[in-house]
1. Return the long-range amide H neighbours of ILE156 (sequence gap of 5 or more, or a different chain), with a cut-off of under 5 Å between placed amide H atoms.
2. Given +1 on the Cβ of Lys and Arg, -1 on the Cβ of Asp and Glu, and no further charges, what dipole in debye does the chain carry about its Cα centre, rounded to the nearest 20?
3. Tabulate in residue order the Karplus-calculated ³J(HN,Hα) for segment 213-225, using 6.51 cos²θ - 1.76 cosθ + 1.60 with θ = phi - 60°, rounded to whole Hz; enter x for Gly and Pro.
4. Within segment 95-249, how many Lys pairs that are eight or more residues apart, or on different chains, come under 26 Å at the alpha-carbon?
5. Considering Cα pairs under 8 angstrom that are at least six residues apart, work out the relative contact order of the chain and quote it in whole percent.
6. On each of the three principal axes of the Cα atoms of segment 1-136, give max minus min coordinate, whole Å, ordered largest first.
7. Could you work out which residue, out of GLY65, GLY239, GLY214, moves most in a Gaussian network model of the chain, that is, has the largest mean-square fluctuation with Cα springs under 10 Å?
8. By counting other Cβ atoms within 10 Å of each Cβ, how are THR63, THR103 ranked from fewest to most?
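Read-outs: derived from the displayed coordinates by stated rules, not from any lab. Predicted model, so just to flag it, every value in this text is computed and none were measured. A quick note on method: Cβ atoms are made from the backbone with ideal geometry, for glycine too, and the neighbour counts reach across all protein chains shown.
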Amino acid sequence: MTSIFANNLYRLHEAGSLCKVFGIKLTPSPSVVQIAKSAGFDALFIDLEHSTLSLNDASQLCTAGLLAGITPFVRVPYQCGNGFVQRVLDGGAMGVIFPHVSTKEEAMAAASICKYSPAGTRSMTGQLPQFQYTAKPHATVIEESNQHGSTVFVMIETAQALQNLDSIASVEGVDVLLVGSNDLSIELGVPGQFESPKLKDALVKVSKACKQSGKIMALAGIYDKTEILRWAVQELGVGWMLGGQDASFMIKGSASCVQALKDLESN
């Protein structure tokens, strides 16, 4: 029995179920974590690449997620440096999402900073939030963190990454290949055209690479496209999916409310 908090991605993957993910890019309050949990999401996507959230904000959200049983993952800025990644993990993240990974070497570097020796080069510290700030033997922290508490996501969102898919997927320590649909569609010359054969062919390639290497396939950036998303889950085997982000949820809900109020005035 492990002493680290449970990682819902692995739990659901072993059960053959989809990990449903709530994105946070706007709201630093831990209250949003409770909302995500109440709605039925399994994990958090805390975005430090396309937001003004701070490291402290991310840590507070991660800690709230751990206590609520909704697994926190953090996307870091592109080429943010090993020190920044170290602080994200020490702050409570159960995994790190690396954007724009295009080569095997970049994937290896991502895995190395997230895993303790001998699997990587992560620096050791005590009293981690993933262990409820209790002191644990080094061997326990290393084993449980490497297996359950440091999921490495590499984002596939460039044409170069598609060319290097097999080598990226082969990297030991990389756990998830996450398709960034918006940037990838732009790279392929079909911006936002998620039904495009070019993008769908790319998704098929990622799926094959994941199945061959035993990695989990993840998807972000496509919303309200039920048929494509169903195909991705049922045919491609996507096991982790971003359902949307706090800003978009608020906009959609607000717009729906305003329209309902407007409808009260019509006959």
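1. Under 5 Å from the amide H of ILE156 lie the amide H atoms of LEU178, VAL179, GLY180, each far enough along the sequence or on another chain.
2. Around 280 debye, computed over the chain.
3. Once rounded to whole Hz, the list reads 9, x, 8, 8, 8, 10, 9, 9, x, 10, 10, 6, 10.
4. The result is 24.
5. It rounds to 19 percent for the chain.
6. Reported extents, whole Å, longest axis first: 39, 36, 32.
7. Per the Cα network of the chain with a 10 Å cutoff, GLY214 tops the list.
8. Ranked by crowding around the Cβ, least crowded first: THR103, THR63.
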